[in-house]
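Worksheet: one structure, shown below.
Throughout, read-outs are computed from the coordinates displayed, never taken from laboratory work. Because the structure is a prediction, the values reported are computed rather than measured. Don't worry about glycine lacking a Cβ; one is built from the backbone with ideal geometry, like all the others, and counts go over all protein chains shown.
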Amino acid sequence: MGKQWDKIFKQYGKVFLELQKDIPKIVKLFKRKGVKRILDLGCGTGRHTVYLAKQGFDVYGIDIAPEGIKITKNWLQKKKLKANLKIGSVYKKLPYKNNFFDAVISVQVIHHAKIKTIRKAIKEIERVLKPKGLIFITVRKRKQMRGRAKYKMIGPRTCIPIEGDEKGLIHYLFNKELLKKEFGGFKIYNIWVDFKKIHYCLLGELKNNAYDLSR
């Protein structure tokens, strides 16, 4: 998957430089809640990592694509900003301590896997978050595919485009009920659809007992 994202970032990197539209208001909430240390899970080419660093947060970013991390580092350097960046999969054990972050954001990332794998990522988010830590997550929703890239279904709510820049990448398609179920360890503040009507946005807070440190 890393090589595929490298190719996407090399060919279409500029596409991923624009902020997700809700991020500025999410940042305002983070500041009101006293958030200091944030993880950008699947940081890609750094659009949110750079913005968060500019806002004064202690930012960490992880992505499976070396090209994405390279672009992010160069962008940070150009802006004279700092962030802690690592190359790694968001679906494996994250290289951070338990209860390390005040908040985690993940924009258009964790739905690129089958649901069993996505659940591993959610458990890792719970592990690295402090109790009552905040999340802002966006995931793909089911929508009409007419006029878009052709795809094939490989399981319930799971498809793979067979053409286009995301050819071969798994997409798990969420609905609100599934989001509430899979993020059951969180007190959900709100779930809404983004302005392009392609992704669900979830804002929530980790419950005190969501992650058992004895596991």
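The residues of region 169-185 that are free of Cβ contacts under 8 Å to residues at least 40 places away in the same chain and either surrounded by 17 or more Cβ atoms within 10 Å (Cβ to Cβ) or under 12 Å from Ile115 (Cβ atoms) (or both), listed by number, are Leu178, Lys181. Look through region 88-108, keep the residues that are in contact (Cβ under 8 Å) with a residue 40 or more places away in the chain, within 24 Å of His171 (Cβ to Cβ) and surrounded by fewer than 21 Cβ atoms within 10 Å (Cβ to Cβ), and return whichever of them is nearest to the chain's Cα centre (by Cα). Only one residue tops the list, namely Gln108. The single condition among (1) surrounded by 16 or more Cβ atoms within 10 Å (Cβ to Cβ); (2) of a type outside the set (Val, Ile, Thr); (3) without any contact (Cβ under 8 Å) to a residue 60 or more places away in the chain that His112 does not satisfy is (3).
If the condition is being in a strand (DSSP E or B) and touching a Phe, Trp or Tyr at 6+ places or on another chain (Cβ under 8 Å), then region 108-137 contributes Leu129, Lys130, Gly133, Leu134, Ile135, Ile137. Residues of region 159-191 that are among the hydrophobic types (A, V, I, L, M, F, W, C) and under 12 Å from Val139 (Cβ atoms): Leu173, Phe174, Leu178, Leu179, Phe183, Ile191. What pairs come out if I take residues in region 48-65 that are surrounded by fewer than 21 Cβ atoms within 10 Å (Cβ to Cβ) and pair them with residues that are aromatic (Phe, Trp, Tyr) whose C-beta lies under 9 Å away, six or more apart or interchain? Final answer for the pair search is Gln55/Phe30.
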